[in-house]
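Below is one structure, written out as structure tokens; the observations come after it.
The values are calculated or read from the model by the stated rules, or taken from the named source; none is laboratory data. Every value quoted in this text rests on a predicted model; they were computed, and no experiment measured them. Positions of Cβ are backbone-derived with ideal geometry, glycine not excepted, and every protein chain shown enters the neighbour counts. The area values use the complete protein model at the heavy-atom level, side chains included, leaving out ligands, DNA and RNA. Shrake-Rupley method; radii C 1.70, N 1.55, O 1.52, S 1.80 Å.
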Amino acid sequence: MARSRLFLIAGLIALLLAAAAGLWQWRAHERDGSAALERGLAALAKDDMRSARVELMNAIKGNPRNAEARAAQARVLVELGDGAGAQAEAERARALGQAAGATRAVMAQALFLQGDLIGALREARAVDLPQGDAAAAARVIARATLAQGNARAAMLAMERALALDAGDVRNWVELGRLRMAIGDQAGAIAAADRAVAMDADNARALGLRAELTRAQYGLTAALPWFQRATAADPDWVPVLEQYAATLADAGRASQMLAMTRRILAIDPGNARAWMMQAVMAARAGQGDLARKLLDRTGGRLDAEPATQLLRGVLHLQDGNPLLAAETLASLVDAQPHNRIARTLLGRAFHDNGDYASAASTLAPIVAQRDADPYVLTLAARAQEALGDRALASDMLARAAWPVRPAADIFATTRDASLANGAAPADPATARDNIPYIRALLNMGRGGEALERARLLGRANPGAPAAWLILGDVLAAQGQAREAVRAYEAAANIRFDRDAALRLASAWSRLGNGARAAQVTQLFLTQHPADREALRLAAGFAIDAQDWRAAGRLLHAVRAQVGDNDALLMAQLARVSLENGDRAAARAYARQGYRLMPGNPVTADMLGWVLLRTDAPGPAAVDLLEKAVALAPSAPALQMHLGQAYAAAGRKGEARLALNRAASARDFNGRQEALDALRAL
């Protein structure tokens, strides 16, 4: 055999042996988990937590006694929000020989996730903590001390983390979240911008910027930021949750549903995804489905206000007001100024026959000058059941006209105890001072409230809540223009419903309806499904006689609340009449009157629609006379009655009613009343 052929054969044999050895070595690495460990650590370094988790699970399966794999898996599980799993892996790593100091930071994070604040602080402050983990430990200290109510200690901890490593994006993201939590919106935005500038593809930084944009400008403006965040990390569940919630609030139900399904594909037990689907089902009137979806949360969100509110609504829909009252009572106790929860609790008490509790629960809202007509009607029914028909009649009379959302706050029994107690020691802390200022204001101590609000504002110029409370106090003191400036300062930092509706209300009080309408419309471009803003914008459109716009806005409200809102039906009747749809006007007017026959608005609207669409007759006049009898000081009702008298040939009575309408100097229809008088 030729020598060259022998060399070729020998080379092939050597190559085969090398390949076999490599394959054997690869299989050995796979069997003992070392290869999976390398891949897991590489994925962890790239922040690909889900891939890292799978690879490290394989590494642990190959070698259950590998302390390094256990410690790495603990870090991954912490990032994925699994505190119990992370603690278990960290404890196993220590038991297998890993130095306790090496796992202090991850153990602190794991304990914090489980609500063990003391344990988390103990681990984060341990003396054997490695210097390389000091910044991570400082972030845990900041979170835990903030959860304990010590914002100053939390800020000091974050300052230490930044001093240790100002180039770590995580520190800037954490600083932004801390500032957001304490109400320093401007400071949070600055921190988020710094984080995004450092790493434009960091999902956590982009997610924070999205949340801040949502608060600062609105839902629609935040969506591109959420899209960037999810593109940077398609599997980062916290960002996906926020994105889904934003889509839901923006009225994009189908997109929200798709996003929750995406979340559940990644995390099948995700409670927030099931909760969002439950809310969507409840809004669609599918109570049974909503309850089934809510059950899938496993009770993990039961302590949250949104869950308590949803359960209360579902109990009411299920015809169980006793359970609804039990659920909502704790929520109202924790959030005494939550109007929706208080209204639902009042209804639950009423439906359960506890009329005294219903009356006392609704009393703080009823005491407001612009109380919601539904609340006034519900409270009136409770007073009727208690035998006070005079008070009930007064409440029903107050439900005369659709009202704009109130910026006012209402007093509760808690306010008296706060106002009579000692003032907060530190005038610069929003958490303590805002409830105290509200209490002072509600108890009639406006001067003290204003002084305290100014101190709070000077100490927190980047906190919208401080500007809002200052605006509330100024408005209550009759300083409307100064209140506008305070509300504008708040809106420039965070343009949410509280700021927008207060600002619109303040401009209206100053007589600048056009500016109020502009503010409302700007808010609606970002929050197109907001019911209160839709109602408010519809009112402005009616004032401007923009009937098409008013109809579009009112139908958007109707799509949310249905046909059982009497005053909405009255508004729709008027708009339909002005748009030339007589059949719809009659249908809406009759429905409104059927729902609230004792309300002057519904009586007036049905009478006016009949007058405008049918031959003049006694039915229209009777209804308009009833409306004026219920609310004799309303010039619009007097004008309608005067025109009805004129159509019936009763000129003397017509002149009397039209003169009453024309004598109201601030009546928008005064010129119409004068023209009708001249035509007699």
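Before moving on, here are some points about what is shown:
- Of the residues examined, R311 is one that is among the basic types (K, R), within 19 Å of the chain's Cα centre (by Cα), assigned to a helix (DSSP H, G or I) and closer than 22 Å to L289 by Cβ.
- Within the range 350-397, the set of residues being open to solvent by 40 Å² or more (accessible area, probe 1.4 Å), within 30 Å of the chain's Cα centre (by Cα) and among the hydrophobic types (A, V, I, L, M, F, W, C) comprises A363, A367.
- Residue match in the range 85-97 (condition: surrounded by fewer than 21 Cβ atoms within 10 Å (Cβ to Cβ), in contact with a Gly (Cβ under 8 Å, 6 or more places away or on another chain) and either touching a residue at least 24 places away in the same chain (Cβ under 8 Å) or under 25 Å from R272 (Cβ atoms) (or both)): no
- Residue list for the range 167-177, restricted to those being surrounded by fewer than 24 Cβ atoms within 10 Å (Cβ to Cβ) and either part of a helix (DSSP H, G or I) or among the hydroxyl-bearing types (S, T, Y) (or both): V169, R170, R177
- Screening R342, R347 for residues that are open to solvent by less than 60 Å² (accessible area, probe 1.4 Å) and modelled with pLDDT of 90 or more leaves exactly one candidate, R342.
- Which numbered condition D354 misses (of (1) closer than 27 Å to N442 by Cβ; (2) in contact with a Pro (Cβ under 6 Å, 6 or more places away or on another chain)): (2)
- G149 part of a loop (DSSP other than H, G, I, E, B) and not hydrophobic (A, V, I, L, M, F, W, C): yes
- Only residues that are of a type outside the set (G, A, S), at pLDDT 75 or above and either in a loop (DSSP other than H, G, I, E, B) or open to solvent by 50 Å² or more (accessible area, probe 1.4 Å) (or both) were counted across the range 400-434, and they come to 6.
- The test for being open to solvent by 10 Å² or more (accessible area, probe 1.4 Å), modelled with pLDDT of 95 or more and under 22 Å from the mean Cα position of the chain (by Cα) does not hold for A215.
- Residues that are in contact with a Gly (Cβ under 7 Å, 6 or more places away or on another chain) and either buried (at least 22 other Cβ atoms within 10 Å of the Cβ) or within 16 Å of A430 (Cα to Cα) (or both), drawn from the range 465-489: A465, A466, W467, L470, V473, A483, A486, Y487
- Any hit, the range 35-44, residues being open to solvent by 50 Å² or more (accessible area, probe 1.4 Å), touching an Asp or Glu at 6+ places or on another chain (Cβ under 7 Å) and either without any contact (Cβ under 8 Å) to a residue 60 or more places away in the chain or farther than 21 Å from R104 by Cβ (or both): yes
- Note on the range 579-680: enclosed helices (runs of 4 or more DSSP H) holding 2 or more residues that are of a type in the set (S, T, Y) are 582-595, 600-613.
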